[in-house]
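As structure tokens, the structure follows; a few thoughts come after it.
Nothing in this text is a laboratory measurement; each read-out follows from the coordinates by a stated rule. Keep in mind it's a predicted model, so treat the numbers as computed, not measured. Because the Cβ atoms are built from the backbone with ideal geometry, glycine has one as well, and the counts that use them run over all protein chains shown.
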Amino acid sequence: MYLNVLTANIRKVIIEMVRYLPNTLSIIATFYAIFLMLFWGIRVFGDPVTQAGNIESTIVGVVLWSLATMVMQGMGWQITSEATRGTLEQLYMSPVSAWRILVARIIGCILVEIIVMSIVLFLAMLTAGQWLSFDLVLIPLFGLMLTCMMGVSLMIAGLAIVLKQIDAFLQIVQFAFFGLVSVPVTISPWLELLPIMRASSMVQDVMTEGASWPQFSLEMWALLIANALMYFGLGIALYKRAERRALRLGLLGQY
Amino acid sequence: MLREPKVHNPLVKVDGISKSYAKRSSKTRVQAVQDVSFEVGAGEIVGLLGPNGAGKSTTIKMICGLIRPDEGSIRVNDFDNQLERAGALNHISAVLEGNRNLYWRLTVRENLEYFAGNRGRSRRSVHTAIDELLEQFNLTTKANELVNSLSRGMQQKLAIAVAVLAGTEVILLDEPTLGLDVDTGYDVRALLKEIATQGRTIILSSHDMPVVQDVCERVIIINQGRVVADDQVSNLLRLFATTAYSVSLARPLTAAQREELERHFSIITINPQGDAVSVTFEHSDDIYTFMDILKAERSTIESIERTNVNVEQVFRTITANANGEKVSVEGARDVP
């Protein structure tokens, strides 16, 4: 049953991406432009000794930031958009829980994002003339990072379902996401508690330093899994709590 | 007291639901729905009527499980719609905001497929059903057009088709003919009657009284958050038929008479010439008051006849008198 929900939502996102191709192309252009600004900044003002490493980190940083922004804000945008259109209540008329539908929708968005970011990544590497390392270890790393991101996304969706007009908050929170993907987790042990910090550090290590399975200890994996599951579980719990409040106050149809 | 119809094996059972909202501006609470109870049986077509702000939409949304009642419970096919939400929603679908219930950037067929998918059904399993629905709703030629390019009437039909495709026993429709032109309104009305013949249970909220009279077998009238009448349409029309009269006069009413009549009778229509009056007598002695007002200016009655009441007149009579209490019309039966 859920496979059909997942298929329907992935199909919807892909149809809209293809149908509104100029919008998709403008996203690619925007992230490529951000990369170009950072790239030329490093070339002009950066230390020539560390330049190569900084450019690689910048490429990975832009990709991770874009992914974090899209996934962690995604459900919040979906809620406000559905409420504005008048379709939110219809989603709630499904026997399948709304949070499951939202997760299906965000998985569709992630697939689109992977296509978009692959293009940005290729263009960035081509422009810099530096090619990043890719290893199979990236699959579980991205899997766990996305699980964690979806948890945060559900929390923001919970906020959106009660407050609806959170557009300004969503704009500002992007800067916090930049911190999560760019600050090294090794600075303080407390940073392990924040979402995706451990995962983004490990992804940076793989793509810029060429790290692989042997470089990551069991403790690192345990922390990563615990972080992902904690945020996903917390996301579901907080979303459901917000949903109960919205149903009690009759807020679903309001915008 | 208007009787509550006995429903055997109710498909929808609303039991003592109440809902109040906090008013942000004054920090007071508004009682939207108060101790509402009714049952709807399989295959029934029930109209939910009430003035603006009477609590119709809140009631419909509570049945859909979109608003949680403060008190009371709602069971759909014996599933509590709060405690067994998924079970209840397997038996219920709704059109709540008409054409706004659709994705305007998807085509007609894509909308139908998407909403069926969200209910856990595969595209393949609904393919034939979608073709049949498109045919039934006269949308076959528009199947691959974007919803934002359709007329409002077609969008409304599509929204109803989405609800029908869900295959549930109960369909709730909130104002299905709102904003439609006359022809499309008739089309939608015909579609609703056709859906009803398929054995679906329909609960319909509307201000469009001809639609209610044409489509519904039973009406529940809500006023100030309470059920004030609940009976078969035919019973209500028969009951109120005895109270509505058309009076023709030899010469027009004076301004004073017109004012007096409008002050005494809440359900009254006087033609622009002032020589024809349609009036509903709500109490047994109303006819004497009416005659006294005419006699005061020596008006001569040319004819007086009982009129065919419609649901609109019944609705106006009940809501004008109910004040949130269940209506007693025993007196109305005694009118000569």
> For q = 0.11, 0.15 Å⁻¹, what log10 I(q)/I(0) does region B:96-220 give under the Debye formula with an equal point scatterer on each alpha carbon and no solvent?
Replying inline: -0.34, -0.65
>> Between A:Lys12, A:Lys240, A:Lys164, where does the largest GNM mean-square fluctuation fall for chain A, given springs only between Cα atoms within less than 10 Å?
In response: A:Lys12
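Report D for region B:221-267 in µm² per second (integer): Stokes-Einstein, Kirkwood Rh on Cα pairs, 20 °C, 1.002 mPa s. Don't skip to the answer; put the middle values down first.
Details: Rh = 13.8 Å.
Rounded to a whole number, D works out at 155 µm²/s.
Scanning chain B for helices, which whole DSSP H stretches are 20 Å or more long along the axis (Cα) and average -0.5 or more by Kyte-Doolittle? Kindly include the intermediate steps, with their values, before the conclusion.
On the way: long enough: B:182-197 (23 Å, 0.13).
Going by DSSP H runs, the hits are B:182-197.
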>> Looking at the protein assembly as shown only, what percent of DSSP beta bridges run antiparallel? Nearest 5 please.
In response: 70
>> Residue by residue through B:96-108, how many Cβ atoms from other chains fall within 10 Å of the Cβ on average?
In response: 4
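Tell me, B:His91, B:His207 in order of fewest to most beta-carbon neighbours within 10 Å?
Working: B:His91 20, B:His207 16.
Arranged by neighbour count, lowest to highest, B:His91, B:His207 become B:His207, B:His91.
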> Does anyone have the angle between helix A:197-209 and the longest principal axis of chain A? Alpha-carbon axes, 0 to 90°, nearest 10?
Replying inline: 40
>> Starting from a Cα-only point model with no solvent, please compute log10 I(q)/I(0) by Debye for chain A at q = 0.07, 0.10 1/Å.
In response: -0.26, -0.52
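Relative contact order for region B:236-286: what is it in percent, counting Cα pairs under 8 Å that are at least 6 residues apart? Show your work: numbers first, answer last.
Details: 52 pairs, mean separation 22.4, N = 51.
Relative contact order here is 44 percent.
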> Given a Förster radius of 51 Å and the C-beta distance between A:Ala226 and A:Leu249 as r, what FRET efficiency does 1/(1 + (r/R0)^6) yield to the nearest 0.05?
Replying inline: 0.90
> Considering chain B as a Gaussian network with a 10 Å cut-off on Cα pairs, which listed residue, B:Ile301, B:Ile318, B:Ile195, attains the greatest mean-square fluctuation?
Replying inline: B:Ile301
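In the neighborhood of A:Pro184, defined by Cβ-to-Cβ distances under 14 Å, what is the net charge if each Lys or Arg adds +1 and each Asp or Glu adds -1?
Values: positive: A:Arg198; negative: A:Glu192, A:Asp205, A:Glu209.
So the surrounding residues net to -2.
Beyond 26 Å between alpha-carbons counts as too far, so tell me which of B:Lys19/B:Lys157; A:Lys164/B:Lys61; A:Lys12/B:Lys193; B:Lys27/B:Lys61; A:Lys164/B:Lys142; A:Lys12/B:Lys142 fall in that bin. The partial results should precede the final answer.
Numbers: B:Lys19/B:Lys157 31 Å; A:Lys164/B:Lys61 19 Å; A:Lys12/B:Lys193 32 Å; B:Lys27/B:Lys61 24 Å; A:Lys164/B:Lys142 34 Å; A:Lys12/B:Lys142 19 Å.
Going by Cα-Cα distance, B:Lys19/B:Lys157; A:Lys12/B:Lys193; A:Lys164/B:Lys142 fall outside the 26 Å limit.
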> Anyone know which of B:Lys295, B:Lys19, B:Lys56 comes out most mobile in the 10 Å Cα GNM of chain B?
Replying inline: B:Lys295
>> Just to confirm the filter: which chymotrypsin sites (Phe, Trp or Tyr not before Pro) across region A:70-145 are DSSP coil and have at most 14 other Cβ within 10 angstrom of their Cβ?
In response: A:Trp131, A:Phe134
> All other residues with a Cβ under 9 Å from the Cβ of B:Asp174 taken together, and with Lys, Arg as +1 and Asp, Glu as -1, what is their net charge?
Replying inline: 0
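Cα gyration tensor of region B:111-183, axes a ≥ b ≥ c as square roots of the eigenvalues: rounded (a/c below 1.5), prolate (a/b > b/c) or oblate? Walk me through the intermediate numbers first.
Numbers: a/c = 1.98, a/b = 1.35, b/c = 1.47.
Here region B:111-183 falls in the oblate category.
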>> Can you give me the angle between helix A:138-163 and the longest principal axis of chain A, using Cα atoms only, in degrees from 0 to 90, rounded to the nearest 10?
In response: 40
> What's the local net charge at B:Ala255, with K and R +1, D and E -1, over the other residues with C-beta under 15 Å away?
Replying inline: -2
> So for the pair A:Phe122, B:Gln232, with labels modelled 7 Å out along Cα→Cβ, what separation do we get in nm?
Replying inline: 7.1
> Under 14 Å from a point 7 Å along the Cα-to-Cβ line of A:Ile14: which residues of region A:115-140 have their amide N that close?
Replying inline: A:115-116
>> Helix A:98-128 against the longest principal axis of chain A: what's the angle in degrees, Cα atoms only, rounded to the nearest 10?
In response: 20
